[in-house]
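Participant: This is the structure I have questions about; it appears just below.
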Amino acid sequence: MLKKLLILLPLGILVLLGMTIFQRIEKNPHGVIPTPYKFAELGEKIQVDAPLLITGDRMAQRFGLFKETLSLEISQGLSKALKVGVLAKENQGMHRTLNQMENLAKWPKVVIYTGGSEEMVEDKFLIQQIPIIRTNFERYQDDRWRTLMMLMPETARLIYEPLERIILADSPKIADEKSEEEFQRGLEISLRLYEIELLRFIEEARSHDTLLILMTVPVNLDIAPKKTCEITRTPETVSEMEAIRSLLKQQDYKAAYPRSKTLMETSLANAEVHYLFGQIAHRVGQHEESKTALKKAAAYDCKSWRANEMTNNIIRKVADSERVTLFDFSALVEEDWNRNTTFFDEIYPQDLYYERANKALAVVLKRLLKI
């Protein structure tokens, strides 16, 4: 009996291990990126007949309205105008842009990406799966695991923890309103996922020998945050803000400035406080302090409805670390803040800035393409 047990026990362990490995492989799809979503189907291959493509979300869609300017600027001195295509949609996060690009029949010679303003428009993961998603992100960002997965992609199905993935339809389904706690937890994952997807985008561009240019997104600093997170609000903060606003009504900016600055420095990520200080600092001529505070106010907004300094900094960071060409459109528009009406509405800059951006981009592209 003992002899049989000694034989059966290792066999049982091997069978159990085999079943565990099989289940893990079955639940984990193929792919190096630990995406917490999957698309229902690939769809038909996308045909792009332009050597230069603008892609991304609504910001790219808007930028694409000025593609003729870019084409004319680049084509100066050429016998034939360089055609510029646009593959961008509203309500399209980076995950949908990446899915479209991976489904191209043929990649263009140059791709300009601008986005990050609609990353939380739709649900890309289940809130209850966040602990597993975090674990998988850590494994993806571990150089040892990542190197192994790059060399042997199939190992990803063993390395990642299985999770329940959201199945995405052809068109985005606008996410339901979330509690503040769910929003904060979801924001962290969305930002980390955005960075990972950008890295994947760069890898795809390189594999297709495509020149990629990443663009930041201008942020309207004069627009107040839509929502302040309740966790950052205290009775003392609310009381002090009321007192400061009373000073503003009296146009006593000299007294309001130090009080609002102290409140901002002692308040944790309160969008309303930062916006209030930014407005006051602007009125007393402290424009750099004002700009910094207003950027933070947009980033601390407890309602994700536009790009902000966090998404722009991810673009800058990835461009720098991966040595990808960066066009800082946000910085271009910010240079005129306080000197001109920079925005057409809450989201889009005035047309003249798109014209300027295209002229500047043309110079960069002509140099890179040696035209």
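The values are calculated or read from the model by the stated rules, or taken from the named source; none is laboratory data. Model, not experiment: these values are computed from the prediction. Cβ: placed from backbone, ideal geometry, glycine included. Neighbour counts: every protein chain shown.
Participant: Does residue 175 qualify as being surrounded by fewer than 19 Cβ atoms within 10 Å (Cβ to Cβ), among the small types (Gly, Ala, Ser), free of Cβ contacts under 8 Å to residues at least 60 places away in the same chain and closer than 21 Å to residue 310 by Cβ?
Facilitator: Yes.
Participant: So for segment 113-123 (the condition being of a type in the set (Ser, Thr, Tyr), touching a helix residue (DSSP H, G or I) at 6+ places or on another chain (Cβ under 6 Å) and within 29 Å of residue 232 (Cβ to Cβ)), does at least one residue qualify?
Facilitator: Yes: segment 113-123 contains one or more residues that are of a type in the set (Ser, Thr, Tyr), touching a helix residue (DSSP H, G or I) at 6+ places or on another chain (Cβ under 6 Å) and within 29 Å of residue 232 (Cβ to Cβ).
Participant: Going by what's in this entry, would residue 141 be described as among the polar types (S, T, N, Q) and either surrounded by 14 or more Cβ atoms within 10 Å (Cβ to Cβ) or touching a Pro at 6+ places or on another chain (Cβ under 6 Å) (or both)?
Facilitator: Considered against the rule, which asks whether it is among the polar types (S, T, N, Q) and either surrounded by 14 or more Cβ atoms within 10 Å (Cβ to Cβ) or touching a Pro at 6+ places or on another chain (Cβ under 6 Å) (or both), residue 141 comes out as yes.
Participant: For segment 124-231, which helices (runs of 4 or more DSSP H) that fit wholly inside it have 3 or more residues that are in contact with a helix residue (DSSP H, G or I) (Cβ under 6 Å, 6 or more places away or on another chain) and under 27 Å from residue 50 (Cα atoms)?
Facilitator: In segment 124-231, the matching helices (runs of 4 or more DSSP H) lie at 180-207.
Participant: Looking at 335, 346 in this structure, which one is out of contact with any Asp or Glu (no Cβ under 8 Å at 6 or more places or on another chain), of a type outside the set (Lys, Arg), in the same structural domain as residue 70 (by TED's automatic domain parsing) and without any contact (Cβ under 8 Å) to a residue 12 or more places away in the chain?
Facilitator: Criteria check complete, one pass: 335.
Participant: Quick one: which residue in 339, 306, 323 is at positive phi, of a type outside the set (Ser, Thr, Tyr) and assigned to a loop (DSSP other than H, G, I, E, B)?
Facilitator: Going through 339, 306, 323 in turn, just one is at positive phi, of a type outside the set (Ser, Thr, Tyr) and assigned to a loop (DSSP other than H, G, I, E, B): 323.
Participant: Has segment 290-312 got any residue that is at pLDDT 95 or above, in the same structural domain as residue 182 (by TED's automatic domain parsing), in contact with a Pro (Cβ under 7 Å, 6 or more places away or on another chain) and β-branched (Val, Ile, Thr)?
Facilitator: no
Participant: Sort out for me the helices (runs of 4 or more DSSP H) sitting completely within segment 1-108 that have 1 or more residues that are at pLDDT 95 or above and in the same structural domain as residue 168 (by TED's automatic domain parsing).
Facilitator: Helices (runs of 4 or more DSSP H) meeting the threshold: 58-64, 67-74, 94-102.
Participant: Go through (1) of a type outside the set (Val, Ile, Thr); (2) in contact (Cβ under 8 Å) with a residue 24 or more places away in the chain; (3) farther than 26 Å from residue 218 by Cα one by one and return the number of the condition residue 92 breaks.
Facilitator: Against the list (1) of a type outside the set (Val, Ile, Thr); (2) in contact (Cβ under 8 Å) with a residue 24 or more places away in the chain; (3) farther than 26 Å from residue 218 by Cα, residue 92 comes up short only on (3).
Participant: Tell me, please, whether a residue that is at pLDDT below 95, more than 30 Å from residue 65 (Cα to Cα), not small (Gly, Ala, Ser) and not assigned by TED's automatic domain parsing to the domain that holds residue 366 can be found in segment 268-280.
Facilitator: Yes, that holds for at least one residue.
Participant: Yes or no: segment 276-289 includes at least one residue that is outside any helix (DSSP H, G or I), touching a residue at least 40 places away in the same chain (Cβ under 8 Å), crowded, with 21+ Cβ neighbours inside 10 Å and not hydrophobic (A, V, I, L, M, F, W, C).
Facilitator: no
Participant: Does at least one position in segment 238-252 carry a residue that is surrounded by fewer than 17 Cβ atoms within 10 Å (Cβ to Cβ), in contact with a Leu (Cβ under 6 Å, 6 or more places away or on another chain), over 14 Å from residue 295 (Cα atoms) and free of Cβ contacts under 8 Å to residues at least 24 places away in the same chain?
Facilitator: no
Participant: Considering only segment 203-218, I want to know if a residue exists there that is surrounded by fewer than 18 Cβ atoms within 10 Å (Cβ to Cβ), among the basic types (Lys, Arg) and over 18 Å from the mean Cα position of the chain (by Cα).
Facilitator: Yes - at least one qualifying residue is present in segment 203-218.
Participant: Looking at segment 27-80, which of its residues are surrounded by fewer than 21 Cβ atoms within 10 Å (Cβ to Cβ), in contact with an Asp or Glu (Cβ under 8 Å, 6 or more places away or on another chain), over 30 Å from residue 150 (Cα atoms) and touching a residue at least 40 places away in the same chain (Cβ under 8 Å)?
Facilitator: Passing the criteria: 66, 69.
Participant: In segment 232-272, what count of residues is obtained for those that are acidic (Asp, Glu) and part of a loop (DSSP other than H, G, I, E, B)?
Facilitator: Residues that pass the stated criteria total 1.
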